[in-house]
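Taking it in order: structure first as structure tokens, then the write-up.
The values are calculated or read from the model by the stated rules, or taken from the named source; none is laboratory data. This structure is a prediction, so every number in the text was calculated from the model and none was measured. Note: ideal-geometry Cβ built from the backbone for every residue, glycine included; neighbour counts use all protein chains shown. Accessible surface areas use protein heavy atoms only, side chains included; no ligands, DNA or RNA. Shrake-Rupley method; radii C 1.70, N 1.55, O 1.52, S 1.80 Å.
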Amino acid sequence: MEAFFSTPGTSDSITFKIKEDIRNAKKHIYCAVCYWDDEDICDAIITSKAQLKKLVLNNGLPSTGVLDKLTKNSINMVFLGTSSHPYSNMHHKFIIIDDILWIGSFNFTLNAKERNYESMIRLEVVKKKESINKVIDTYKKEFNRIWRLGEYLKDVVQVGKGTCNSCKKVVANPFEHYLIDIIYSEGNLSDIVFFCSENITLYPSAESVFKCSVCGSNNAIISGNIKHIEELSNEYETIIDYRNYGATVCSKCFLDGNYR
Ligand SMILES: [Zn+2]
Ligand SMILES: [Zn+2]
């Protein structure tokens with residue numbers, strides 16, 4: 001375990017060392033970062049020989065050269081939150097490079113590199129250092145959880161704006177905004193669908209669908225929109241009968257992939 005600092009006006013040791021780790025990567029690069037306008041680390045990731053590259057970025061990330069470059073080079077990216085919304089901001093700054101975890105205050109920006117006081121800790125998997133290995137594992141798990149959410153949000157949230165494709169509102173909390181439905185076919189999972197809860201109407205008797213089908217909690221759909229659903233329930237706008245579709249799952253069970 002080692003600590004790194006950047007100080008305005010001095011050479012940036014953080015970027016230098018992260019780039020070195022990226023160059024040496026063989027297996028994977030999992031990166032979650034809020035702001036990014038510095039092409040240095042971007043270029044390093046693009047040219048890295050790591051087999052798997054996955055980035056979780058912020059929906060409010062301005063369309064910079066970095067985003068264009070990553071897109072052109074087919075780097076896998078998903079987007080969460082938006083920095084323009086106070087209740088939903090993908091604010092992580094961590095990167096997992098093979099068996100190394102970098103975590104701290106450093107975004108991949110020119111400001112972080114040249115103008116700010118920043119710190120990062122570099123943890124590396126070492127035999128017999130169980131506590132460190134556990135922390136790195138926890139971060140891998142967290143990365144998988146947010147990646148998974150991002151993959152589903154891709155279909156329902158507009159990248160760059162963070163707005164719902166269906167109702168056009170900003171999605172502050174995806175778990176309040178969407179009803180997550182697991183669809184089974186002949187007993188096996190066939191699909192997971194995110195329904196905009198602004199636009200769905202349930203039969204009044206469908207109250208049981210609010211229970212998570214996995215853990216039994218009542219968190220499968222969130223209270224904010226229930227009133228709206230009840231108001232509409234006598235009209236025949238969009239009636240979805242969940243008994244035909246499948247089972248509903250809460251945010252925690254969804255993120256943990258806890259339902260197969
Ligand atoms: Zn919506
Ligand atoms: Zn649950």
key: Accessible-area order (highest first, 1.4 angstrom probe) of the listed residues 109, 138   = 138, 109
inquiry  = So for each of 58-64, 75-81 I average, over its residues, the number of other beta carbons within 10 Å; can you give me the resulting order with the highest mean first?
reply    = 75-81, 58-64
key: ³J(HN,Hα), Karplus 6.51/-1.76/1.60, whole Hz, each residue of the stretch 44-54, x for Gly, Pro   = 4, 5, 4, 8, 4, 8, 3, 6, 10, 10, 9
task = Give the long-range amide H neighbours of residue 104: residues separated by 5 or more places, or on another chain, with amide H under 5 Å away, using H modelled in the peptide plane at 1.01 Å from N.
result = 93, 121
ask   = What is the set of long-range amide H partners of residue 89 at a cut-off below 5 Å, with H atoms built 1.01 Å from backbone N?
value = 82
inquiry  = Based on alpha-carbon centroids, what's the gap between the stretch 46-113 and the stretch 140-165 in Å, whole number please?
reply    = 13
key: Solvent-accessible ranking of 142, 118, largest area first, probe 1.4 Å   = 142, 118
note = About its Cα centre, the stretch 2-153 carries a charge dipole, from +1 on Lys and Arg Cβ atoms and -1 on Asp and Glu Cβ atoms, whose size in debye to the nearest 20 is 580
Normalised contact order of the stretch 2-153, rounded percent, pairs of Cα under 8 Å and 6 or more residues apart = 29
inquiry  = Can you give me the distance in nm between label points at residue 148 and residue 169, each placed 7 Å from the Cα along the Cα-to-Cβ direction?
reply    = 2.7
task = Over the stretch 106-186, give the accessible area per residue in Å² for a 1.4 Å probe, as an integer.
result = 57
key: In the stretch 117-147, the chymotrypsin sites (Phe, Trp or Tyr not before Pro) that fall in loop regions by DSSP, at most 11 other Cβ within 10 Å   = 117
